[in-house]
1. Are any of the residues in segment 343-359 closer than 30 Å to Thr155 by Cα and touching a strand residue (DSSP E or B) at 6+ places or on another chain (Cβ under 8 Å)?
2. Residues that are surrounded by 22 or more Cβ atoms within 10 Å (Cβ to Cβ) and touching a helix residue (DSSP H, G or I) at 6+ places or on another chain (Cβ under 9 Å): does segment 463-482 have at least one?
3. Suppose we filter segment 460-479 for residues that are part of a loop (DSSP other than H, G, I, E, B) and without any contact (Cβ under 8 Å) to a residue 60 or more places away in the chain; how many remain?
4. Would you call Val32 surrounded by fewer than 21 Cβ atoms within 10 Å (Cβ to Cβ), at pLDDT below 75 and not in a loop (DSSP other than H, G, I, E, B)?
5. Exactly one of (1) of a type in the set (Ser, Thr, Tyr); (2) crowded, with 24+ Cβ neighbours inside 10 Å; (3) part of a loop (DSSP other than H, G, I, E, B) is unmet by Ser235. Its number?
6. Mind listing just one residue for me: the one in segment 217-227 that is over 30 Å from Met384 (Cβ atoms) and open to solvent by less than 60 Å² (accessible area, probe 1.4 Å) and, of those, nearest to the ligand (Cβ to nearest atom)?
7. Here is a check on your reading of the model: is Gln174 under 30 Å from Asp253 (Cβ atoms), assigned to a loop (DSSP other than H, G, I, E, B) and within 16 Å of the ligand (Cβ to nearest atom)?
Amino acid sequence: MDRIDDLLTRRALLARATGLAALAGLPVGCAVAPPGPPAPLGPSARLGPSTRLSAWPFTLGVASGDPLPDSVVLWTRLAPEPLHGGGMPPEPVAVEWQVAADDRMRTIVQRGMVTAMPELGHAVHVEVAGLEPGRWYWYRFVAAGAESPIGRTRTAPAAGAPLDRLRFAFASCQHYGQGYYAPYRHMARQELDLVMFLGDYIYETSARDEIVRPEPHTAPISLVQYRNKYGLYKSDPDLQAAHARFPWIVTWDDHEVANDYADDQSQDRDDAAWFLRRRAAAYQAYYEHMPLRRRALPDGARLQLYRRLGFGDLVAFSVVDDRQFRSHQACPPIERAGGNLVPDCAERHDPRRSMLGAEQERWLIDGLDRSSARWNVIAQQLLMAQIKHKSAGTAEFWSDAWDGYPAARERLLRFLAARRPANPIVIGGDIHSYWVTDLKRDFDDPASPTVATEFVGTSISSRGIAYERTRATLRDNPHVKFFDSRKRGYVRCEVTPAHWLSDLIAVDNVTQRDAPSSTLASFVVESGRPGAIEIAPSSHGV
Ligand SMILES: [Fe+2]
């Protein structure tokens, strides 16, 4: 098709979509595509208003996520001016999406129209259905005559089908001001089936010292301010490349709203009603910028994020939400809520206190109990193992992590010990350091059985926690097999029926976009034997 034909067809598409969307009452910013051949599109389409944009609208790139055997979510957001509210006119805009079987978009297998609505910041979420299991697809969007970059995505294998290998990376904590996304630059060159992101996609606060990249915004409170924060973070080319290359499965931690919040309580003990309005703004901005299904469309300050995704008979991911439903942190000092190093107070052990909320905790345990997958992954935000900090001979615990909720952790570990779902693996982030731990039935008894294996990834760019001070605690925590907070990076995993391999990938520094990387350490878990075993670092792909 030559340029003029192309332009005319696109104008007609836009016009048709605007008209059809209005007639069909399409949900805002969402589309569920029926399976079947590509819909016929052409200049005979119904005419309607066209939209002119101030600049190219795909500044935030494209993404895909939550793969199922027949379906995947495609995402973009129209934002010609991403740091200033988006820069779109306050009207619905028709967007065409295309899915192809090849990387040059020559063989289109599905296409359709969706309406990007101003109420959702002109974000677009397309749930493409009717795809084939376990294969790569390519996709792009067209809006107002402009084409997006081409993204690549992959469906999950058929439910329960034999799968001999899954390769994925998990990452967390990408403070923009504290560093370049050199780990993503490395990750985008890997052969992976998917990426798991475990929280702190944005930080509400800007870097105050050792600033690597200046940030123009102060702490967001309103929806527009949160959108601008995502606009800044998602403008990064290395982050965009990692999104465009793999489907992502995301969950959040605290900084997507505010540091160390717990349900309706902020660390500053803001008025709860006010804080929930802030949380609602943050949750909407989160939905708008993530490749999430429509069931995650927020309802005020509530967002359904926890979910389960399976990959053949090999891996089931239970993706949990540690923030929205948790009890307030235990035994806070008078000055400040949020996370603190606290003594072993009685409130900490109160069995009524919950990390996940009763409903999600039941969902997690029931799902693990019913799972027939070879490896059962709990994808969550935090370090789960007990870490005892000795201060003048007295034990202290970090109240924002699972150590602040030992009764909830005990319920989960007791279940794993009693019901023995196959090969439980816990992955986490939050703490800006690598940890490999044995999750023990009783952390205070080194002889007690290991019931699950834990891998925590370091931050993509956020500054690490104190190395020497933390390392000094390890003698009181013999279930920790590895700790390092000095490097930024991510964890690459390769899973087969017999083995789980985790490579701890580190970049030299994040003051440099193209910093070199290496494998800091590699660990293997054998199927049927919880507990990681260190092996020689893999040099594969580094
Ligand atoms: Fe973080």
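1. No, every residue in segment 343-359 fails to be closer than 30 Å to Thr155 by Cα and touching a strand residue (DSSP E or B) at 6+ places or on another chain (Cβ under 8 Å).
2. no
3. Matching residues across segment 460-479 total 4.
4. When the stated conditions are applied, Val32 passes them.
5. (2)
6. His217
7. yes
Here's the yes/no breakdown for (1) open to solvent by 10 Å² or more (accessible area, probe 1.4 Å); (2) in a helix (DSSP H, G or I):
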{"position": "Glu288", "(1), (2)": "no, yes"}
{"position": "Arg308", "(1), (2)": "yes, no"}
{"position": "Asp322", "(1), (2)": "no, no"}
{"position": "Ser327", "(1), (2)": "yes, no"}
{"position": "Arg336", "(1), (2)": "yes, no"}
{"position": "Cys345", "(1), (2)": "yes, no"}
{"position": "Leu356", "(1), (2)": "no, no"}
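The values are calculated or read from the model by the stated rules, or taken from the named source; none is laboratory data. All values derive from a computational prediction rather than experimental measurement. Here Cβ is always computed from backbone atoms with ideal geometry, including for glycine, and neighbour counts include all displayed protein chains. Accessible surface areas use protein heavy atoms only, side chains included; no ligands, DNA or RNA. Shrake-Rupley method; radii C 1.70, N 1.55, O 1.52, S 1.80 Å.
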